[in-house]
Amino acid sequence: MRHYFRAAILCLPLLAVAPTSSVATAQGGAAPLGAADRLVNDPRVDALRPYGLALPPAVRADKGVQFGKALRFKLSGHADFWRIGVTTPTTRAIRKGDRIVVAFWARATGTDMNLPGRIGRVQLEETPVVRALVEKPFEIGPEWKMYQMSGRVDRDYAPGQLNAALHVDAAKQVLDIGPVFVLDYGQDAS
């Protein structure tokens, strides 16, 4: 499965410019870290964890997005936008001070007066007791696009102690969510 992720990551646009980190190779030299080495979650739509709806959205085929799958949320918009969303847990340990990038594919249609759609907040959060470490709202256009945010973690975290969460019920819209990537850029200076 790791080879599947490596191939998929090669399709990603540049997420963030980071100094070249390296790892030791068998010959004793250093090899730069690739995006697949930085991946700390399972980005596939099938692995996302939707919440807040009586019937969770089904995974649907969509050739317009990376990996060809998406979740579709038909939303009415609510002041408590965090009641509906999707999470993806980390699967690897993250160290204090590491710069984490959360990148996700999304598009929004069916909005009032063709205004942009909205995700009320995307956050990197502790779990099971939720505490946001980094958060940002997003306006979402009608075409598939990758959105991203980044921040640093304040302590060491074991696998599963962090989630990327998208709180989505911020507008009347049909919101499609594609793959969600959580990438660890380590202790770089950015």
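The values are calculated or read from the model by the stated rules, or taken from the named source; none is laboratory data. Since the structure is predicted, the reported quantities are computational estimates derived from the model, not experimental observations. Every residue, glycine among them, receives a Cβ derived from its backbone with ideal geometry; neighbour counts consider all protein chains shown. Protein only, heavy atoms only, side chains kept; ligands, DNA and RNA dropped before computing areas. Shrake-Rupley method; radii C 1.70, N 1.55, O 1.52, S 1.80 Å.
A few comments on the model shown:
- Residues of the stretch 108-138 that are part of a loop (DSSP other than H, G, I, E, B) and buried (at least 19 other Cβ atoms within 10 Å of the Cβ): THR111 alone.
- Within this structure, ILE94 fails the test of being open to solvent by less than 60 Å² (accessible area, probe 1.4 Å), of a type in the set (A, V, I, L, M) and out of contact with any strand residue (DSSP E or B) (no Cβ under 6 Å at 6 or more places or on another chain).
- Filtered by the rule that a residue be open to solvent by 50 Å² or more (accessible area, probe 1.4 Å), outside any loop (DSSP other than H, G, I, E, B) and not aromatic (Phe, Trp, Tyr), the stretch 58-79 gives VAL59, ARG60, ALA61, LYS69, ARG72, LYS74, SER76.
- Set TRP82, TRP105: member being surrounded by 15 or more Cβ atoms within 10 Å (Cβ to Cβ), modelled with pLDDT under 95 and not small (Gly, Ala, Ser): TRP82
- Scanning the stretch 139-178 for residues that are in contact with a Lys or Arg (Cβ under 8 Å, 6 or more places away or on another chain), polar (S, T, N, Q) and open to solvent by 10 Å² or more (accessible area, probe 1.4 Å) yields a count of 1.
- Test for ARG92: is it at pLDDT 95 or above, among the charged types (D, E, K, R) and over 30 Å from ASP156 (Cβ atoms): no
- Which listed residue is at pLDDT 50 or above and either touching a His at 6+ places or on another chain (Cβ under 7 Å) or surrounded by 10 or more Cβ atoms within 10 Å (Cβ to Cβ) (or both), from ARG6, ARG38: ARG38
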